[in-house]
Amino acid sequence: MNAPRFAFLSRLLHWLMAAMILAMLFIGIGMVSSLADYHWLLSIHRPLGIAILALAALRLVNRQLNPPPPLPADMPRAIRLAAHASHVALYALMFAVPLVGWAMLSAGGYPVVLYGTLQLPPILPLDVALYAVLRTAHTVLAFALFAVFLLHLAAALMHALVFRDGVLESMASLRPGRGGQG
């Protein structure tokens, strides 16, 4: 019998978003370190951020419809609490970073161009002082997302290499179906 796994859609969204978030973090770093590539990177950064926001919403709905498999019964309470806290932080940041980015651009009077002439409406009025605050907040939240992302990766490796408890395997397979549940 296979160990319980996350639903296929949950696993697909997880790995797709992991790749997108990692790419987005490096694009953001590239934007602030390269004036030559800034506008090209920005043209990718904005729609990718909105895609991450949309997929985060889809993931949250999917998580309600397809709850994760139970953690191992012998997992210590402190590790269970850390796992729960890290997931709450990841979801909060997957929403906060793009929303603050969108708000920042709105306050700065910059459009959020998705493709060609398709753009999102502003969510805040023009306010240069607010733009400055939101720009700093966007940067701080992006670094917080990167830190939590790295902690999540470290925990996954700990489960796979030290605990060997099947937690990583419950998310790692892209084979259709849910192991242990038919």
> Efficiency by 1/(1 + (r/R0)^6): what FRET value for Leu126 and Tyr91, r their Cβ-Cβ distance, R0 = 35 Å, to the nearest 0.05?
Replying inline: 0.70
> What translational diffusion coefficient, in µm²/s and rounded to a whole number, does the Stokes-Einstein relation yield for the chain at 37 °C and a viscosity of 0.692 mPa s, taking the hydrodynamic radius as the Kirkwood radius over Cα pairs?
Replying inline: 183
> Can you list the chymotrypsin sites (Phe, Trp or Tyr not before Pro) in the range 82-182 that are in a DSSP coil and have 15 or fewer other beta carbons within 10 angstrom?
Replying inline: none
> Amide H to amide H, which residues 5 or more places from Gln119 or on other chains are under 5 Å from it, using H placed in the peptide plane?
Replying inline: Leu114
>> Angle check, please: helix 38-65 long axis (alpha carbons) against the longest principal axis of the chain (alpha carbons), in degrees 0 to 90, nearest 10.
In response: 40
>> Output the 0 to 90 degree angle, nearest 10, between the alpha-carbon long axis of helix 77-108 and the longest principal axis computed from the alpha carbons of the chain.
In response: 20
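Every number in this text was worked out from the coordinates using simple rules, so none of it is lab data. As the structure is a computational prediction, the values presented were derived from the model and not from experiment. FYI the Cβ positions are ideal-geometry reconstructions off the backbone, even for glycines, and counts take in every protein chain you see.
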